[in-house]
Structure formats: C-alpha cells, structure tokens
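Colleague: Pasting in a structure now, in structure tokens, and then I'll have a few things to ask.
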Amino acid sequence: MKKGTIIRTAGPLVVASDCLGAKMYDMVRVGDIGLIGEIIELREDKAFIQVYEDTTGIGPGEPVLLTGEPLSVELGPGLIQSVFDGIQRPLDVIRAKEGDFVTRGIEVPHLNRTKKWDFKPLVRKGQSVEEGDFLGEVEETPLIKHKVMVPPGIKGKVTQIKKGKMTVQQEAAVIQDQEAEHKIRLFQVWSIRQNRKVKKRIMPENPLVTGQRVLDTLFPLAKGGTACVPGPFGSGKTVVQHQLAKWSDAQIIVFVACGERGNEVADLLLSFPELKDPSTGRPLMERTVIIANTSNMPVAAREASIYTGMTIAEYFRDMGYSVALMADSSSRWAEALREISGRMEEMPGEEGYPAYLASRLAEFYERAGKVKCLGSEDREGALSVIGAVSPPGGDLSDPVVQSTLKVVKVFWALDDKLANERHFPAINWQNSYSLYVDNIKDNWQEEVAEDFTEIRQEAMKLLEEESELLEIARLVGVESLSDTERLVLESAKSIREDFLHQNAFHPQDTYTSLRKQYLMLRIIIHFHNLGLNALEEGVPFNDIFQLEVRERISKMKFISEKEQEEEDSVHDVFIEVDRSFKELIKNKG
C-alpha cells in the first residue's frame, strides 16, 4: 500500500501529504494505530481525510495507509439480528473481544467468518445467469430467506454450483463469461457511497401500513416513499420511529440511530429482542438490522452510519423485499457535516451549515423508491425512508427541515403542545401533509372500502372547521355558537380523542388495521351526519350530546383485531348509532 504523511490534525479532520494517486472517498488507515478514515477532498498531493474514530494523540509525521478501495460494507448472511456501529463493525463481537468500549483502530470481520449457513442452490450447472439473478438461498432467520445474488456487472454460464453448509467466505458458485471466471461467495462487497443498480424505478402505489391511525388514514406513506418527522425535543420523534419499526408491514427494518442519545439506543436494543412480529408472532429482531451510532461516538461516524444503513437496505430491496429505513436523526448528521466543513475552512451557508447540505440530503433520500430489481425474473422491491429531524426549539424554518421538505413527499409535523397534552402520536394535523394520497387511492378502494377517500376528506374538513370555530369560541364563548357549530366541535373532538389519539403501551390500541381504521372513522362521520339531520328535525343539541352510544364510540379503539375480524364488533357500534338516533327522533316526535 502507498503511504502518505500526516501534516495537520484538527479534530475529526486529518490532512496528509504525499497522497498522489489517491481517489475521492477512498478508505485510508490513519496513524500508527490505523484509524479508519475516508478521503473527502484532494488538493494537489494533499488528502483531506474524515476520520471515523477518535483522533486524540494522532499528530504530524505519522503515516496514512492508502488502501485504494472505497469505504465499503459486506452484504451477505448474518446481517439480520446484528447490531453494527457506523462503519459496520459488529458491536457484540467487539464487546466480547475488548469489553464495554470500542477500542480505537480495532479490526474485526463485518460478517461472521466461522458460522456455517445451509446453502440451497436455485440454479443448475450450465444455466445462463445475469446480474441480480438468484443463485441460491440461505434461511437467515425463520422470517427471512436470504437470497444469494449474482453481483452487479457479472453475467455468464454457471460452471459450478455447490450445496450444503458453508461459511460466507467459501465459494458457492463459479460463473464463466467471455473474459474471465468469477468465483461467487455468499457475500459481496459494495461501496456505501454508490447507489445499487436497478432496472427501472416505478411509481409507489401501495400504502405502508403502520397501524398508527393518524399516519395511515390522514397522512399515508407509500411503500417506496420518503417521509420526514421533524419536532422539538420531547415531542416523540424516537417513539414514532420505534412504533413504525415495530408495526409497519415492511418485511425488513433497518434502524439507523445516527448520533442518538445512548439511553435511547439502549432502550431500542433492550426492547426489540422482546417484541413479537405482529404478523408471525416471531421475535421482531428476526427481520431487523440496527446501526447504533450514539452521540458520544466520533461525530464524523454519523455520516458513515447513514450510508451504511442505506446500502444494507438497498441490498435487501434487491432481493424483492419491502424494506423500511428509519434514520434518527438527520439533524445530527447535518451537524457532523457542519463541523467537518468548518474544520476545512469552507464558506458556510445558512446557520453555518455547508452550502451543499441540500444536495447531500437529496442524494440520500433519492435512494429510496419502488423499483424493478436486476435479474431475469420480473420482481419488484421497495425501500421506504423515514427520517427524523431535530431542529433547535422545533423551528421548522431550520435549514435541515427546509432542505428535507424539498425532497420528501410526506411531512409528519410533531407538536410539543400536543406532546405536553399527552396526545400520542403528537402529529399536528394542521401542518402535516402527504403527497401519496392520489397514488394509493385505488389501493384503498380495492382493499379497504370504496368510500375510504371520501370519509378521510370529511374528517379533514371537520378538523379544519374546528380550528376556525375554536378561535371564535375563545372570543365569545362556546355557548354563543349555533347548535350546528357545537356539533362540529364535538365531532372534531371525537376524531381527535377517539381516533387520532393512540396509546403505544395498550395491547389493543397500539396497532389498528386499515379496515378497522376505516370503520372507526366512518362511524364518527356517520354520527355527525345523523346529528345534523336530528338538529334539522328539532332535536336539542344536549340530547344528541348525551347519547349513551358516544361512550361505545370512544371505546372502539380498545376492540381487539381478533374480536373485530371474528365478531365485527366495530360494525355493531354502527348499528347502535342508527338505532339511537331513530329512538331520539321518534321520542321527539
């Protein structure tokens, strides 16, 4: 390997000379102890290196080894259920080897080199294959069949295919093309900065069902879509991300804790192994990969953790899976960019962030999407990205929030006032939006109900009318409003408290299927419409307000999914609403 020499050290930035021949984003080993770094700028023979470990004690004169290879991850069996740091070092292996703290410059294999996997071939000798084709599969967990694919850029005839137990390093197949023979192992290496190839990008049209009513019904995210969750400290960003990781119907979850507090990451690591996957009953970790980068780890490693998580997510997407990537939070990644930019003495942009902040965020989010995967078979994969943003004081004019909003299509605005009122999820329905409603409208009509979109629009209209009437009520009092306006306030309150509010710790209320969400909202809207008719018939508002069926409406959220499917319990409430209003009007007559 070529060697350069350190001439300056400034925190996570190291400048080395004698680096002719080096390339941008090459991985290097810095100092005598071999810290991992990445070249982020080249000027003549000088290389500016972003170091992903603590540089304390590293000084001028020490060597820099130029590997000539980009910073890469290993993609193969063993990813699921693993907990990595930002540069894909398995933390459980490091703990067993070195103790509770990550030793600087430590080298450990990214994937287990000794564990044997039962490889089952899916092609035969002499068969022609192309990039992306499945050569075989490994049962990584009871939930995930890990497909061993032909790496991008390789096609030809299979001259050798093996079967049985083998480690990730052993040859599973040999492919012969016109120029050379390619030996295929169970894993492949891929640069974290390079997007993985796809055949074609297609429009997302299926909703990512999360079980959170405010998200699925009012502000839905499509599979393959992008979402942003900004909010001030304590408003519930991490809890929302955890709920999405637990309950969304993505087949694989990649959770990137980017600069998160250690206690929050610890809670994630302790809770996920105990949770059960709602669709299979198996442990949730059997379909989860965690990238743990805490706030006390080196700042620069936050950037690597984001790209490491994205590359792993793309790899599983290429197998045809629906993948959801949770990034918590991109603000701390942006802070790392700001620090490195300041160390390099670049011209600062708004609030000290680098001028290229928006383009970096766009490059990250554009790797999401629904795609036609590489391979001779016609298969689709989806990668959804949900990024939390932590603007100071919840200021939505923050450059990170505004740059993110330019590229994502779903905006879930967290509100500290709602959080203080113990309203969870604390997503403000006045500020949030989703641009995927038109895309997934047909899916709603086919899979849930034909009038789902109309019911949703009526609910949104009631919530908007409520905000206007509350302003008037603050001035003149609720008693001064007409009965029709008071009914609007009560119906909107029912939407807020009986539908939008959820208890993440209640076994029935923590998750709601789309069908049950539709029925719950439909009953509230039906009650409102019957109330308007009753007012026209001369029924006093207080008689409507005091109907006993309202208590059953408020308890719909606690009806279990099993009870709803087997006994149609929510529909029974609908029937009782009809009966209550018929008796009310009959008694009035």
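Colleague: Could you state the angle between the C-alpha long axis of helix 330-343 and the longest principal axis of the C-alpha atoms of the chain, as a value from 0 to 90 degrees rounded to the nearest 10?
Modeller: Roughly 40 degrees, rounded to the nearest 10.
Colleague: For the range 1-54, run through the GluC sites (Glu not before Pro) and keep only the ones in DSSP coil with at most 15 other Cβ atoms within 10 Å of their Cβ.
Modeller: 44
Colleague: Which ³J(HN,Hα) values, rounded to whole Hz and listed in residue order, are derived for the range 533-545 from phi using the Karplus coefficients 6.51, -1.76 and 1.60 in 6.51 cos²θ - 1.76 cosθ + 1.60 with θ = phi - 60°, glycine and proline given as x?
Modeller: Couplings: 4, 5, 4, 5, 7, x, 6, x, 4, 4, 5, 5, 4 Hz.
Colleague: Still on this structure: What number results when the radius of gyration of the chain, computed over Cα atoms, is divided by 2.2 N^0.38 Å?
Modeller: Ratio of Rg to 2.2 N^0.38 Å for the chain: 1.11.
Colleague: Still on this model: Please work out the Cα center distance from the range 97-167 to the range 259-283, rounded to the nearest Å.
Modeller: Computed from Cα coordinates, the inter-centre distance equals 26 Å.
Colleague: Could you grab the relative contact order for the range 162-255? Cα pairs under 8 Å, six or more apart, rounded to a whole percent.
Modeller: It rounds to 18 percent for the range 162-255.
Colleague: Given a Förster distance of 41 angstrom, what is the FRET efficiency for residue 205 paired with residue 583, based on the Cβ-Cβ distance and rounded to 0.05?
Modeller: Once rounded, the FRET efficiency stands at 0.40.
Colleague: Loop only by DSSP, 13 or fewer other Cβ within 10 Å of the Cβ. Give me the trypsin sites (Lys or Arg not before Pro) in the range 296-369 that pass, ordered by residue number.
Modeller: Counting only loop positions with at most 13 other Cβ atoms within 10 Å, none of the trypsin sites (Lys or Arg not before Pro) in the range 296-369 qualifies.
Colleague: On a straight-distance basis, which aspartates and glutamates could pair with residue 157 in a cross-link, Cα separation under 19 angstrom, same-chain partners fewer than 8 positions away excluded?
Modeller: Result set, ordered by chain and number: 130, 131, 133, 137, 171, 177, 179, 181, 377.
Colleague: Taking residue 199 as the anchor, which lysines have their alpha carbon closer than 16 Å to its alpha carbon, excluding any fewer than eight residues away along the same chain?
Modeller: 155, 370, 372
Colleague: Separate question: By how many nm would the segment from residue 372 to residue 45 lengthen if fully extended, with 0.36 nm per residue of separation less the alpha-carbon distance?
Modeller: 113.5 nm
Colleague: If you don't mind, another one. To the nearest 10 degrees, how steeply does helix 483-494 sit against the main Cα axis of the chain, on a 0 to 90 scale?
Modeller: 40
Colleague: Moving to a separate point now. Taking the alpha-carbon distance from residue 555 and a cut-off under 16 Å, which lysines remain once sequence neighbours fewer than 8 residues away in the same chain are dropped?
Modeller: The reachable lysines, counting only those whose Cα sits under 16 Å from residue 555, are 493, 516.
Colleague: Next question, about the same structure. Using Cα-Cα distances under 8 Å and only pairs 6 or more residues apart, what relative contact order does the range 151-216 have, in percent?
Modeller: For the range 151-216, the relative contact order is 23 percent.
Colleague: What pairs from 237/406; 125/147; 23/165; 120/223; 417/562 go past 27 Å between their alpha carbons?
Modeller: Over 27 Å apart, Cα to Cα: 23/165; 120/223; 417/562.
Colleague: With a cut-off of at most 14 other beta carbons within 10 Å, and DSSP calling the residue loop, which chymotrypsin sites (Phe, Trp or Tyr not before Pro) in the range 504-589 qualify? Please list them.
Modeller: The qualifying sites are 505.
Colleague: On to the next question. Would you work out if the range 304-349 is rounded, prolate or oblate? Take a ≥ b ≥ c from the square roots of the eigenvalues of the alpha-carbon gyration tensor; rounded if a/c is under 1.5, else prolate when a/b is larger than b/c, oblate otherwise.
Modeller: The shape class here is prolate.
Colleague: Right, here's the next one. Could you work out the local net charge near residue 178, counting Lys and Arg as +1, Asp and Glu as -1, over the other residues with Cβ closer than 14 Å to its Cβ?
Modeller: With Lys, Arg at +1 and Asp, Glu at -1, the neighbours total -2.
Colleague: With a sphere of radius 11 Å drawn around the Cβ of residue 560, what net charge do the other residues whose Cβ falls strictly inside it have (Lys, Arg +1; Asp, Glu -1)?
Modeller: With Lys, Arg at +1 and Asp, Glu at -1, the neighbours total -3.
Colleague: Ignoring everything except DSSP H segments at least 4 long, calculate the 222 nm mean residue ellipticity for the chain; use -39,500 (n - 2.57) per segment, divide by total residues, nearest 500.
Modeller: So the calculated ellipticity at 222 nm is -10000 deg cm²/dmol.
Colleague: Let a ≥ b ≥ c be the square roots of the eigenvalues of the Cα gyration tensor of the range 161-223; is it rounded (a/c under 1.5), or, if not, prolate (a/b larger than b/c) or oblate?
Modeller: prolate
Colleague: Around residue 229, what is the net charge, scoring Lys/Arg as +1 and Asp/Glu as -1 over all other residues with Cβ under 13 Å from its Cβ?
Modeller: Summing Lys and Arg as +1 and Asp and Glu as -1 gives -1.
Colleague: Using the basic label-point model (7 angstrom from Cα toward the beta carbon), what is the residue 280 to residue 508 distance in nanometres?
Modeller: Placing both labels 7 Å along Cα→Cβ, they lie 2.8 nm apart.
Readers should treat all values here as calculations from the given coordinates under stated rules, not as data from a laboratory. The shown structure was predicted, so the numbers you read here are calculated from the model rather than taken from an experiment. Glycine gets a Cβ as well: all are built from the backbone with ideal geometry, and neighbour counts include every protein chain shown.
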